[in-house]
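What follows is a set of notes on a single structure, which appears directly below.
Since every read-out is calculated from the coordinates, none of them should be taken as a lab result. Bear in mind that the values here come from a model prediction, so they are computed numbers and not experimental data. Every residue, glycine as well, gets a Cβ built from its backbone with ideal geometry; the counts of neighbours run over all protein chains shown.
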Amino acid sequence: MKVLLQRVSEASVTVSGECVGRIGQGLLLLVGIEAGDDEATVARMAERTVGYRVFADSDDKMNLDVRDIDGEILAISQFTLAADTRKGRRPSFSKAAPPERAESLYLGFVEHLNRAGLRVETGRFGSDMKVGLTNDGPVTFLLDL
C-alpha cells in the first residue's frame, strides 16, 4: 500500500464536471492498493497517515498532525501508485490489487480515517477524476508499507 500525502491549503475532486469532494486546510491523500495488501495493512496505514506530523507548530517545526490543526482529508484512490516503473518506457500494473479488492480496501481505509474523528471527503473509485489542489509548502511524502 502506498499513500502520496500532500499538505494542502485546499483541494477538490471533480467527476464529469461535478465536484464530489472538497476540503480546506488538511491532507490530500492519493491511495494505491497493491496485490498483497489486506485489512491489517489498511489499518496500519490509516493510523500512520493520521498521526503523520507535517504541519508547523509555533516554532515553525513539523510537529503537528492533521488532528492537531483540526484539518480535513481528501482521500482519492489512485491505482497508478502501484505501477512498476523500474524498466521500459511503459508502466506495468501487475502489482496493483484487482479492482474489486482494491475498492473494498480503499473504503476500509476511508472508514479508519473517519473513525479517527476527521472530516473525510473522497473521490469516486474507478472514475476519471480531475484533482485540484494548492500544495502548502510544497510538502509531499510517499508513505509505503
Residue 95: which lysines have alpha carbons under 21 Å from its alpha carbon, excluding same-chain residues fewer than 8 sequence positions away?
-> 2, 87
Helix-only CD estimate at 222 nm, as mean residue ellipticity for the chain, using -39500 (n - 2.57) per DSSP H run (n ≥ 4) | -7000 deg cm²/dmol
Would you mind calculating the relative contact order of the stretch 25-105 from Cα pairs under 8 angstrom and at least 6 residues apart, reporting the percent as a whole number?
-> 40 percent
The answer for the net charge of residues other than residue 59 whose Cβ lies under 15 angstrom from its Cβ, with Lys and Arg +1 and Asp and Glu -1, is -1
Stretch gain in nm, segment residue 44-residue 56, where the contour uses 0.36 nm per residue and the Cα spacing is subtracted = 1.9 nm
Net charge near residue 117 (other residues with Cβ under 14 Å of its Cβ; Lys, Arg +1; Asp, Glu -1) is -3
